[in-house]
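Read the structure below first, then the notes.
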Amino acid sequence: MFIPCDRGGDSAGPDFKGFTLLMPAVSVGNVGQLAIDLVISTLDMTKVGYFYTDCLVPMVGNNPYATAEENSTELSINAEVYSLPSKKLVVLQIRSPFIKNKYRLFCETLLSWVKSSKCARVVLLSSSHAYQRDDEQLLGTPLRYLLTPDLEKAVGGRMKELNWKEMEKVAAYPGISDTDKVLHIPGGGITKLLFTESCSEGIQMAVLLKFCSEGDNIPDALVLVNYLNEWLQLIKSEVNPSSQWKIPSSWRLLFGNGLPPALF
Amino acid sequence: MATFFGEVVVAPSRAGLDEEEEAREETPEDREIRREIEKKREIDVLWTWQAGGRAQEPLVCSRFIVAIGRNAAAFLSSFILDSVCWEVVGVVKLWNEWCRTSSTTNVLPTDSFCLFYRLISDPTVLLCQCSCYVAEDQQFQWLEKVFGSMQKKGLQVTILSTCPVADYKTQESTLTLASPFLKALKTKEFQEQVCCPLLEQPNIVRDLPAA
């Protein structure tokens, strides 16, 4: 699945042992993916490889993080891996939706790659439909977290210090009070599947998600990436943390081209 | 969500994952139906020189030109292909909701087809005209089966395709843009001069050309 970029003498490929894998779920508003774009762009991460997979819709373009003419011509595809060894961080970016019936296979292959590359933990950035919140969730912060039992032991205390809110379980049958509570992440794409599989396979995974709706999701991405930064401290959080993140050049024209002058 | 006129509309999510599909467990009948559909959607690559139509050894190929879509296929028909210099060597047989191709090599320009031609004077030059639509779930299969039949060392691949001007993202309006125009994407291994400007972000390429 993982194909390393050719890097000269390193025939074994990059080593991710002990690294934190940061990745998005393709979810409502694409917030996770936008947040990952901000991380890769701001930390100027180096591409170390890609996923050769038939589970995602194909796409290709030139370098989405280009800053100048010289670095704008590197091809970029739908699932790529970037790394920053100084922070022991490896990032997977997913740029297209899943092909019908292939998301389960992708999750299985991904988790087995996580185990074989010996990543210490996985942090999944995701989002959930804002309109599905219950009365209590409508108040207070729209940000939530989830930890697998193995990671709970390691960092559960830190989440309490940060005063973070854990994602609530909801009744399996709404309206009936004495039913089992289950995890429900509407609009979260593969978030719930990855999380439940990680729990049963003993993988240390954290999910960070934001309630949001479709629309201009750049502010949502900034909120989510700042939330991540409170914990992982990827950049120094100054007075105005949102201005510290570098918007990639590919975010231009998100809402269409310029207007024809003949319109006026 | 409520629209301007007051009716409630379910907005499609960019998550791309159908909620009901995710929640429902697959029954044995579902699995059987899915397997049957997958079999029906399988792609067959048939090469003409092999008895029975199945390629046995990898095809030695130095240049492979692929024209995807009706416009690109028509370009090759009008300017490159002729029965004197080129011979048909293969065909792709596939079915999806948009089109069906057959194993016949005698096609009309209005048909959906996917044919392979070889230059008679240099049999390592291969050309593919793919006017049919290859669905998302078939693109990877097409790729593996076509490229799986050829020896890829020293192979140069050129992909020709077209996109509507309205899809092109640019600062000015596409109404004032001089069209048609050419843009290119190339791998870093491609060292030759490209005949036109490179495709700028945020524009991307999808479907079979991307695959």
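Rule-based calculations on the coordinates, nothing more; no lab input. No experiment lies behind these values; they were computed from the predicted model shown. Don't worry about glycine lacking a Cβ; one is built from the backbone with ideal geometry, like all the others, and counts go over all protein chains shown.
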Next item on the list: In vacuum, with every alpha carbon of the stretch B:59-170 counted as one equal point scatterer, what does the Debye formula give for log10 I(q)/I(0) at q = 0.10 Å⁻¹? Two decimals, please.
Entry: -0.29
Checklist line | Sites excluded, trypsin sites (Lys or Arg not before Pro) in DSSP loops with at most 12 other C-beta within 10 Å, longest stretch of chain A | finding: A:18-117
Item checked: the protein assembly as shown, helix-only ellipticity at 222 nm - DSSP H runs n ≥ 4, -39,500 (n - 2.57), divided by all residues, nearest 500 -> -7000 deg cm²/dmol
Margin query: Give me the one-decimal nm value for the distance between modelled label points at B:K39 and B:T187, 7 Å along each residue's Cα-to-Cβ direction.
Written below: 3.5 nm
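Taking other Cβ within 10 Å of each residue's Cβ, how do B:W86, B:W98 sort, fewest first?
Values: B:W86 17, B:W98 10.
Listing B:W86, B:W98 from fewest to most nearby Cβ atoms yields B:W98, B:W86.
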Check: Averaged over peptide A:153-163, how many Cβ atoms belonging to another chain are found within 10 Å of each residue's Cβ?
Finding: 0
Margin query: If I take every Cα pair under 8 Å that is 6 or more residues apart in chain A, average their sequence separation and divide by the length, what percent do I get for the relative contact order?
Written below: 27 percent
Notebook entry, point to check: To the nearest µm²/s, what D does Stokes-Einstein give for the stretch A:16-251 at 37 °C and 0.692 mPa s, using the Kirkwood radius over alpha carbon pairs as Rh?
Noted result: 179 µm²/s
Note to self: Checking the a/c ratio against 1.5 first, then a/b against b/c, what shape does the Cα gyration tensor give for the stretch A:48-106?
What the structure shows: oblate
Next item on the list: For A:T196, put the label point 7 Å out on the Cα→Cβ axis and report which residues of the stretch A:165-185 keep their amide N under 13 Å from it.
Entry: A:170, A:172, A:181-185
Note to self: Give me the inter-chain shielding for B:168-174: mean count of other chain Cβ atoms within 10 Å, whole number please.
What the structure shows: 5
Notebook entry, point to check: Ranked from highest to lowest mean number of other Cβ atoms within 10 Å per residue, what is the order of the peptides B:138-151, A:27-40?
Noted result: A:27-40, B:138-151
Notebook entry, point to check: Residue by residue, what Karplus-based ³J(HN,Hα) values in Hz, rounded to whole numbers, does the stretch B:195-200 have, using 6.51, -1.76 and 1.60 with θ = phi - 60° and x for Gly and Pro?
Noted result: 7, 8, x, 7, 6, 8
Next item on the list: Starting with the fewest neighbours, write out A:V57, B:V88 ranked by other beta-carbon atoms found within 10 Å of each beta-carbon.
Entry: B:V88, A:V57
Next item on the list: Filter the cross-link list A:K102/A:K192; B:K93/B:K183; A:K87/A:K210 down to pairs whose alpha-carbon distance in this structure exceeds 22 Å.
Entry: B:K93/B:K183; A:K87/A:K210
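Residues of B:198-208, mean number of Cβ from any other protein chain within 10 Å of their own Cβ, rounded to a whole number?
If you average over the peptide's residues, the count of other-chain Cβ atoms is 6.
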Next item on the list: Pull up all non-local amide H partners of A:L56: gap of 5 or more, or a different chain, and H-to-H distance under 5 Å with H placed in the peptide plane.
Entry: A:I99
Item checked: Set of lysines with alpha-carbon distance to B:K188 below 27 Å, sequence-local pairs under 8 removed -> A:K47, A:K246, B:K145, B:K152, B:K153, B:K169
Checklist line | Separation in nanometres of the label points that stand 7 Å from Cα toward Cβ, at B:D30 and A:L259 | finding: 4.8 nm
Next item on the list: Indicate, rounded to the nearest 5 percent, the antiparallel portion of the DSSP beta bridges found entirely in the protein assembly as shown.
Entry: 60 percent
Check: By a straight-distance test (C-alpha under 17 Å), which lysines pair with A:K115 as possible cross-link partners, with residues fewer than eight away in the same chain excluded?
Finding: A:K17, A:K88
Next item on the list: Kindly provide log₁₀ I(q)/I(0) values, in the same order as q = 0.12, 0.13, 0.14, 0.23 Å⁻¹, from the Debye equation applied to equal alpha-carbon scatterers of the stretch A:148-220.
Entry: -0.44, -0.52, -0.60, -1.19
Next item on the list: Please report how far the C-alpha centroid of the stretch B:146-174 lies from that of the stretch A:78-131, rounded to the nearest whole angstrom.
Entry: 27 Å
